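The values are calculated or read from the model by the stated rules, or taken from the named source; none is laboratory data. Treat the numbers as computed from the prediction; the structure is a model and nothing was measured. Backbone-built Cβ (ideal geometry, glycine too); neighbour counts: all protein chains shown. Surface areas here come from the heavy atoms of the whole protein model, side chains and all, with no ligands, DNA or RNA. Shrake-Rupley method; radii C 1.70, N 1.55, O 1.52, S 1.80 Å.
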Amino acid sequence: LTEAEASWNAVAELEEENGSDVEALRGLVLGIAGIALARRADGSEALDEALERYPLAAMDPVARPYLDVAAAYATVGDPATARKLVEEFERTTPAAHQRGLRYQYHHVLGEIALSERRYDDAVAEFRQSSPRPQEILPMASLARAFDAAGQADSALVHYRRFLAQPSW
């Protein structure tokens, strides 16, 4: 995990050098969330630092990775901040762009519900986070929601489906 953390930081620095604060922030928050999840630790402080380094307000509203950052906050156990970011996304992002991100939007709402221990809502949102039921990423999210809800059989089915995908 320490090696992975160093890699995420190196990628962020490279993206910054290439002039893309948006991609630097996106990669950094995804790395922070993944590592915090693996360590079962709070990553809120690291996410706050990432936002100080790459402030959303300094980015083009259409390019701001609100949903990636919101998902990261929900994943590390800070659904209140995640919800505020979703609300800011809804207020500042053009409607046409929001429509294009509807699947990611539902994924974030699922992460927030999971973080708030609203497992049925999480499952419902994760199911809406893909245009097709066989999509890979919703399977892992559904598995996590069922697992957290104590529904081991359903969690196993979705984890197995996820792992059986050839691209993974």
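Is it the case, given these coordinates, that E125 is modelled with pLDDT of 95 or more and touching a Pro at 6+ places or on another chain (Cβ under 7 Å)? Quick ask: steps written out before the conclusion?
Values: modelled with pLDDT of 95 or more: yes; touching a Pro at 6+ places or on another chain (Cβ under 7 Å): no.
Judged against the criteria, E125 is not a match.
If we keep just the residues of the range 73-99 that are at pLDDT below 95 and within 15 Å of I112 (Cα to Cα), which is farthest from the chain's Cα centre (by Cα)?
Within the range 73-99, the match that is farthest from the chain's Cα centre (by Cα) is G77.
Need the failing condition index for A71 against (1) surrounded by fewer than 19 Cβ atoms within 10 Å (Cβ to Cβ); (2) in contact with a His (Cβ under 9 Å, 6 or more places away or on another chain), just the number.
In the conditions (1) surrounded by fewer than 19 Cβ atoms within 10 Å (Cβ to Cβ); (2) in contact with a His (Cβ under 9 Å, 6 or more places away or on another chain), A71 misses (1) alone.
Anything in the range 119-168 that is part of a loop (DSSP other than H, G, I, E, B), open to solvent by less than 70 Å² (accessible area, probe 1.4 Å) and in contact with a Phe, Trp or Tyr (Cβ under 8 Å, 6 or more places away or on another chain)? List them, or say none. Before the answer, list the steps.
So the first thing to find is which residues in the range 119-168 are part of a loop (DSSP other than H, G, I, E, B), and the list is 128-135, 149-151, 165-168.
Adding the requirement that they be open to solvent by less than 70 Å² (accessible area, probe 1.4 Å) leaves 129-130, 135, 149-150, 165.
Within the range 119-168, S129, S130, A149 meet the criteria.
Listed residues G110, G150; which is at positive phi, at pLDDT 95 or above and of a type outside the set (D, E)? I'd like the intermediate steps shown before the answer.
Working: G110 fails: at positive phi.
That would be G150, the only listed residue that is at positive phi, at pLDDT 95 or above and of a type outside the set (D, E).
Yes/no per residue for (1) surrounded by 13 or more Cβ atoms within 10 Å (Cβ to Cβ); (2) more than 21 Å from T81 (Cβ to Cβ):
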{"site": "A10", "(1), (2)": "no, yes"}
{"site": "L14", "(1), (2)": "yes, yes"}
{"site": "E23", "(1), (2)": "yes, yes"}
{"site": "G34", "(1), (2)": "yes, no"}
{"site": "A57", "(1), (2)": "no, no"}
{"site": "D60", "(1), (2)": "no, yes"}
{"site": "Y66", "(1), (2)": "yes, no"}
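Among the residues of the range 41-64, which ones are among the charged types (D, E, K, R) and part of a helix (DSSP H, G or I)? So that I can check it myself, show each step before the final result.
Our first condition is that a residue be among the charged types (D, E, K, R); within the range 41-64, this holds for 42, 45, 48-49, 52-53, 60, 64.
Hits for the range 41-64 are E45, D48, E49, E52, R53.
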